[in-house]
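This report concerns only the one structure given below.
The values are calculated or read from the model by the stated rules, or taken from the named source; none is laboratory data. Given the structure is predicted, the values throughout are model-derived calculations rather than measurements. In this analysis, Cβ positions are derived from the backbone assuming ideal geometry, glycine residues included, and neighbour counts consider all displayed protein chains. Please note that ligands, DNA and RNA were not included when accessible areas were found on the heavy atoms of the full protein model with its side chains. Shrake-Rupley method; radii C 1.70, N 1.55, O 1.52, S 1.80 Å.
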Amino acid sequence: MTETAPAAAPRATASTFTTYSPATGERLAEYPAHGPEDVARAVARARTTQAGWAALPASRRRELLLRWKKALADDLDTVARTIARETGKPAGDAALEVVLTLEHLAWAARNAPRVLGRRRVRTGLFTVHQRASLVHRPLGVVGVIGPWNYPLYTPMGSIGYALAAGNAVVFKPSELTPGTGVLLAELFDSAAPEHAGLLAAVTGAAATGDALARSGVDKVAFTGSPGTARKVMAVCARTLTPFLAECGGKDAVIVTADADLDAAADAIVWGALSNAGQTCAGVERVYAMREVHEELCARVVDKAAALRTGAGADAAYGPMTLPGQVAVVERHVSGAVAAGGRALLGGPDASGAVAAGGRALLGGPDAVRAPYVAPVVLTEVPEDAPAMTEETFGPVVTVNAVAGVDEAVERANASRYALGAAVFCGSGRTGAAIAARLRAGAVSVNSVLGFAAVPALPFGGSKDSGFGRIHGEEGLRAFTSVQSVTVQRFAPAVALTSFAVPAATRERAVRLARALHRRR
């Protein structure tokens, strides 16, 4: 008989916890709830293994990482199936997540030697006798605390790049998706058995993440809510452990009067509803010029209404992975309507619950109900409503009208989040100019989330969206420390860094420098 749970959330005992399918309530697996001693052992083993990894030629590390990439590609079906079971997302979406991860891992492996290799630096007039260079050295052991919404792609932005930079990694996946993290580490060990333990997975809930932050790792890369980020960062601050935070978003899309409305509507619907809206850089707010607002809304509604929510190969998206997020969606949507907003599609029923598949979400206390949330399209929502200021993280999008681009930019920038954004405009040049005015860390013009598929582009935000960057050259350097080196090539004519230099000689050097720098 299939075991079920009232909610698709892990249950823990003193030393283990059980995961359940968010789509069916089916029992999936049992995992250890690793405590401080378990985490300490994983970190100690990783540190020992890292010394040999860092000593390898960069070309050998690249070879082994590409071998790991091949193992992931060979087992793509297994990895995607694990992701789909743990998150509830459609199998096709899970497979695409794996493919995108492979692209990033390949880029990091192949480009780390170039980006992180020793680099010569030009010296100045008074240091011509020195040869200067800088080198990026691995930090040691990096602790990665991952999310559940993209349990492979998102943490691999830290894991893959940290390994490529010569580090070891101890990975704490979300307690909702531990199987994905465990499988990832197992595939690494099988691809590089001589470096087994370099990537270790520790499983558990918040206490395990807290233990990892206290374990003496050399950096913590965290993905999750701003509130949890502050707690983890406070722990790291006690030991001055470097911290990278990728938190939430309230991403805005600006649609100008000359934009291709059909293309904009298609992108908005996908950006807002894919993965059930559970995307940190997903579309949550749209600001359309008043003259095209009504037509854009109609197209967005038509495209969203045509989607089927639920299980099966033809489902556009699956359930809410985190059951408690349903209440947030309901609060935001009900609050938006109560504040004067209009629901153009979906919205609260008489009980205040958001419809899912034609029925209310909230059932009897013993019912096992998969938390599928049908698409919701809102408009005329006040800018101070929670639906506009807080991260909804569900299949909800608000399309508000604005008088012009200036107002759209002002409203987009007013959020306490600053992760991603998009601009739809008739001219790419004009769109890029608008993008330059947005405070978001990444902006796509005439597409949404275009930056996520380009491994060379760094990703990250500011304000409540966190700080630091993953991906690209900046992402590789984020997991290194920079060492500056000078080598004296010959004795200088005047040794200014010596007490033996006569005062008159020093004064002549100062006069010469002043004369040179007074020139334009």
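Tabulated data for the structure shown
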{"item": "Test for residue 480: is it in contact with a strand residue (DSSP E or B) (Cβ under 6 Å, 6 or more places away or on another chain) and hydroxyl-bearing (Ser, Thr, Tyr)", "result": "yes"}
{"item": "Candidate set from the range 328-369 (those that are open to solvent by less than 30 Å² (accessible area, probe 1.4 Å) and either of a type in the set (Phe, Trp, Tyr) or more than 21 Å from residue 400 (Cα to Cα) (or both)); member that is modelled with the lowest pLDDT", "result": "361"}
{"item": "Unmet requirement for residue 313, which otherwise passes all of (1) farther than 26 Å from residue 88 by Cα; (2) of a type in the set (A, V, I, L, M, F, W, C); (3) open to solvent by 10 Å² or more (accessible area, probe 1.4 Å)", "result": "(1)"}
{"item": "Single unsatisfied condition, residue 236 versus (1) surrounded by fewer than 24 Cβ atoms within 10 Å (Cβ to Cβ); (2) closer than 22 Å to residue 137 by Cα; (3) under 16 Å from the mean Cα position of the chain (by Cα)", "result": "(3)"}
{"item": "The range 413-433, subset over 20 Å from the mean Cα position of the chain (by Cα) and buried (at least 23 other Cβ atoms within 10 Å of the Cβ), residue nearest to residue 391 (Cα to Cα)", "result": "423"}
{"item": "Residue list for the range 28-45, filter: among the charged types (D, E, K, R) and over 17 Å from residue 171 (Cβ atoms)", "result": "30, 37"}
{"item": "The range 270-288 - residue that is within 19 Å of residue 310 (Cβ to Cβ) and in a helix (DSSP H, G or I) and, of those, most open to solvent (accessible area, probe 1.4 Å)", "result": "270"}
{"item": "Complete set of residues in the range 39-53 that are open to solvent by 40 Å² or more (accessible area, probe 1.4 Å) and either closer than 23 Å to residue 137 by Cα or touching a strand residue (DSSP E or B) at 6+ places or on another chain (Cβ under 7 Å) (or both)", "result": "44, 45, 47, 48, 51"}
{"item": "Looking only at the range 225-254, and only at residues there that are assigned to a loop (DSSP other than H, G, I, E, B) and out of contact with any strand residue (DSSP E or B) (no Cβ under 7 Å at 6 or more places or on another chain), the one that is farthest from residue 416 (Cα to Cα)", "result": "239"}
{"item": "Close pairs from the range 186-198: first of a type in the set (D, E, K, R), partner open to solvent by 10 Å² or more (accessible area, probe 1.4 Å), Cβ under 7 Å, at least 6 apart", "result": "189/196"}
{"item": "Condition broken by residue 215, with the remaining ones in (1) of a type in the set (Gly, Ala, Ser); (2) under 18 Å from residue 463 (Cα atoms); (3) open to solvent by 10 Å² or more (accessible area, probe 1.4 Å) satisfied", "result": "(2)"}
{"item": "Filter result for residue 105 (open to solvent by 20 Å² or more (accessible area, probe 1.4 Å), under 30 Å from residue 393 (Cα atoms) and modelled with pLDDT of 95 or more)", "result": "no"}
{"item": "Given (1) surrounded by fewer than 22 Cβ atoms within 10 Å (Cβ to Cβ); (2) not in a loop (DSSP other than H, G, I, E, B), number of the condition residue 221 does not satisfy", "result": "(1)"}
{"item": "Hits in the range 289-310 - residues which are open to solvent by less than 10 Å² (accessible area, probe 1.4 Å) and among the β-branched types (Val, Ile, Thr)", "result": "300"}
{"item": "Some residue of the range 444-467 being more than 28 Å from residue 265 (Cα to Cα), more than 14 Å from the chain's Cα centre (by Cα) and open to solvent by less than 20 Å² (accessible area, probe 1.4 Å)", "result": "no"}
{"item": "Residue satisfying condition, being farther than 30 Å from residue 479 by Cβ, open to solvent by 10 Å² or more (accessible area, probe 1.4 Å) and part of a loop (DSSP other than H, G, I, E, B), within set 257, 263", "result": "257"}
{"item": "Residue check for residue 490: in a loop (DSSP other than H, G, I, E, B), out of contact with any Lys or Arg (no Cβ under 8 Å at 6 or more places or on another chain) and not polar (S, T, N, Q)", "result": "yes"}
{"item": "Residue within the range 431-448 that is among the polar types (S, T, N, Q) and in contact with an Asp or Glu (Cβ under 7 Å, 6 or more places away or on another chain) present", "result": "no"}
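This table checks each residue for (1) of a type in the set (D, E, K, R); (2) touching a residue at least 40 places away in the same chain (Cβ under 8 Å); (3) farther than 30 Å from residue 249 by Cβ.
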{"position": "467", "(1), (2), (3)": "no, yes, no"}
{"position": "477", "(1), (2), (3)": "yes, yes, no"}
{"position": "481", "(1), (2), (3)": "no, yes, no"}
{"position": "490", "(1), (2), (3)": "no, yes, yes"}
{"position": "497", "(1), (2), (3)": "no, no, yes"}
{"position": "500", "(1), (2), (3)": "no, no, yes"}
{"position": "505", "(1), (2), (3)": "no, no, yes"}
{"position": "512", "(1), (2), (3)": "no, no, yes"}
